[in-house]
1. Residues in region 16-66 that are in contact with a Phe, Trp or Tyr (Cβ under 8 Å, 6 or more places away or on another chain) and assigned to a loop (DSSP other than H, G, I, E, B): how many?
2. Take the residues in region 61-84 that are in contact with a Ser or Thr (Cβ under 9 Å, 6 or more places away or on another chain) and of a type outside the set (A, V, I, L, M, F, W, C); name whichever of them is nearest to R20 (Cα to Cα).
3. Within region 19-55, how many residues turn out to be without any contact (Cβ under 8 Å) to a residue 12 or more places away in the chain and either within 17 Å of I87 (Cβ to Cβ) or in contact with a Leu (Cβ under 8 Å, 6 or more places away or on another chain) (or both)?
4. Only residues that are over 17 Å from G15 (Cα atoms) and in contact with a helix residue (DSSP H, G or I) (Cβ under 7 Å, 6 or more places away or on another chain): list them for region 44-96, please.
Amino acid sequence: MKKDKIAIIGLGYVGLPLARLFATKFPVVGFDINSGRISELMSGLDSTLEVDNETLKSVLVDDVSESNGLYCTNQLEKIKDCNYYIITVPTPVDKNNRPVLTPLNKSE
């Protein structure tokens, strides 16, 4: 039986801690459009300080696999075989405090 694989779309202040936690029990693919952010995370550094570097390093894996761990990427094809997709992109507001759904719509 194929193991569940989770995609976390958006690796910011919500997505990264969530991906790190899920990665202790499941294979997780973290997706973000920022290639600099992906490089930083895959080297075990989180400049936003949402996850301490040792904890991040403890869950990182070198490639998408069936084993538990977190693999970060900006390549859409790496998330195509995931079973679950969790979207954690920003939802800014306009001058009238109405949500601007552009980031959410682009994540489709």
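Values in this text are rule-based calculations from the coordinates and carry no lab data. Nothing here was measured: the structure is a model prediction, and the numbers come from that model. Here Cβ is always computed from backbone atoms with ideal geometry, including for glycine, and neighbour counts include all displayed protein chains.
1. Of the residues in that region, 7 qualify.
2. G69
3. Residues in region 19-55 being without any contact (Cβ under 8 Å) to a residue 12 or more places away in the chain and either within 17 Å of I87 (Cβ to Cβ) or in contact with a Leu (Cβ under 8 Å, 6 or more places away or on another chain) (or both): 3 in total.
4. Across region 44-96, the qualifying residue is only V64.
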